[in-house]
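First up is the structure itself, then whatever we jot down about it.
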Amino acid sequence: MKRSAFIAMTVLCTLPLLFSFNTISNNVLDGTGKLIVKVTPIDNQQAIICRLYNMQEKPTRIIIKDTEDNILLSKKIMSHNGFRKKINLRNLAYGKYNLMVLHPNESKYATLLVKNRSVEIDWRK
């Protein structure tokens with residue numbers, strides 16, 4: 001009786017994790033094979049969370065430049081399909097910056113507007 005109760009509890013506790021993982025996987029890996037970039041500002045902070053999906057283990061680079069084309073951050077990611085990183089921008093002066101995600105198949109570009117305790121993101125088409 002004790003062993004069967006333990007097995008039942010293990011299954012019940014593990015089941016939600018399996019379903020939530022599958023839901024995330026289906027949303028992220030959409031079957032197109034295209035690079036997916038999600039950049040989210042963190043409330044009340046001069047920081048962003050950068051998530052990359054479908055990198056297909058190809059070298060990918062994240063770059064942040066100022067308006068004078070000076071490189072402020074350059075991160076190379078190798079041999080991964082996904083990536084997540086918090087990028088702190090609090091040491092930057094208020095203003096506009098360019099975010100680039102460079103991948104062999106496609107690249108994504110955005111303008112970051114760093115303000116007092118916030119960041120706005122404007123993706124270029």
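Quick notes on this one:
- Any chance Thr60 is touching a His at 6+ places or on another chain (Cβ under 6 Å) and not small (Gly, Ala, Ser): yes
- Every pair of residues 6+ apart whose Cβ atoms lie under 9 Å, when the first sits in segment 70-86 and is small (Gly, Ala, Ser) while the second is part of a strand (DSSP E or B) and open to solvent by 70 Å² or more (accessible area, probe 1.4 Å): Ser74/Arg61
- Residue selected from segment 22-35 under the condition open to solvent by 40 Å² or more (accessible area, probe 1.4 Å) and assigned to a loop (DSSP other than H, G, I, E, B), by the criterion modelled with the highest pLDDT: Lys34
- When Met9 is tested against (1) of a type in the set (A, V, I, L, M); (2) out of contact with any helix residue (DSSP H, G or I) (no Cβ under 7 Å at 6 or more places or on another chain); (3) at pLDDT below 95; (4) open to solvent by less than 60 Å² (accessible area, probe 1.4 Å), just one condition goes unmet, and that condition is (4).
- Selection count, segment 76-110, where residues are closer than 14 Å to Ala47 by Cα, within 14 Å of the chain's Cα centre (by Cα) and surrounded by 12 or more Cβ atoms within 10 Å (Cβ to Cβ): 4
- Verdict on Lys58 being touching a Pro at 6+ places or on another chain (Cβ under 6 Å) and modelled with pLDDT under 90: yes
- Of all residues in segment 53-62, those satisfying the criterion of being of a type outside the set (Lys, Arg) and either free of Cβ contacts under 8 Å to residues at least 24 places away in the same chain or surrounded by fewer than 17 Cβ atoms within 10 Å (Cβ to Cβ) (or both) are Gln56, Glu57, Pro59.
The values are calculated or read from the model by the stated rules, or taken from the named source; none is laboratory data. What you see is a predicted model, and the numbers here were worked out from it, not measured in a lab. Every residue, glycine as well, gets a Cβ built from its backbone with ideal geometry; the counts of neighbours run over all protein chains shown. Keep in mind that these areas ignore ligands, DNA and RNA; they rest on the heavy atoms of the full protein, side chains included. Shrake-Rupley method; radii C 1.70, N 1.55, O 1.52, S 1.80 Å.
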